[in-house]
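The values are calculated or read from the model by the stated rules, or taken from the named source; none is laboratory data. Keep in mind the model is a prediction, meaning the values are calculated, not measured. FYI the Cβ positions are ideal-geometry reconstructions off the backbone, even for glycines, and counts take in every protein chain you see. For accessibility, only protein heavy atoms count, side chains too; no ligands or nucleic acids. Shrake-Rupley method; radii C 1.70, N 1.55, O 1.52, S 1.80 Å.
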Amino acid sequence: MCTFVLMFAGTLCSAGGIGGGGIYETVLMVAGALSPFDAVPLSKAIVFFGSMSSLVLNMRKSLTRSDTNTGELKGLIDYNICRLVVPSALIGTLLGVLLNRTTSDFVIVGLLCSILSVMTWTTTRATYDQYKEEEAKLASEKLDS
């Protein structure tokens, strides 16, 4: 059961463009019946192996992608952004795993609920803003025609 829920959650996270670590932890705790102490490192491993497969796919695509004007190869990965994001992401992961050893399950679940609440709020707000923008565009197109 947990495998199918993880596959579904992974598909949704990939489609939504989010890492999914917090969602994987929740799935592992609810569908997999794991304690937060065990779910956190397993979630990190799932995210790591998912990112490795994405890297392999992106590297293959970058070898065949070329600029239409000059004909030279173009990379899919922006390494300048990686230099900014990767160190802080690794520090956050390291601190999360280290704190997982000493923090009670209650605090871990509370932090997880907070993160999921913020993610839900920002996604809902962005969806609503995009909906209103599209409605305004449709209304202006109707007025023009």
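What to note about this one:
- All Cα pairs of the chain, percent lying beyond 27 Å: 42 percent
- Met119 accessible area, 1.4 Å probe, all protein chains in place, Å² to nearest 10: 60 Å²
- For the chain, the longest principal axis of the Cα atoms and the long axis of helix 79-102 meet at an angle of about 20 degrees.
- Coupling constants for segment 3-9 follow from the phi torsions by the Karplus curve (6.51 cos²θ - 1.76 cosθ + 1.60, θ = phi - 60°), and in residue order they are 4, 5, 5, 5, 5, 5, 5 Hz; glycine and proline get x.
- Helical runs (DSSP H, four residues minimum) scored at -39500 (n - 2.57) apiece and divided by the length of the chain put the mean residue ellipticity at 222 nm at -28500 deg cm²/dmol.
- Relative packing of 20-29, 132-141, 95-104, which averages over residues the other C-beta atoms within 10 Å, highest first: 20-29, 95-104, 132-141
- Principal axes of segment 1-62: Cα extent on each, largest first, Å: 40, 19, 17
- The distance separating the Cα centre of segment 1-47 from that of segment 117-145 comes to 29 Å.
- 0 to 90° range, to nearest 10: angle between helix 21-30 axis and the chain longest Cα axis: 50 degrees
- Signed unit charges on C-beta, dipole axis of the chain, positive-most listed residue Leu111, Ala39, Ala136: Ala39
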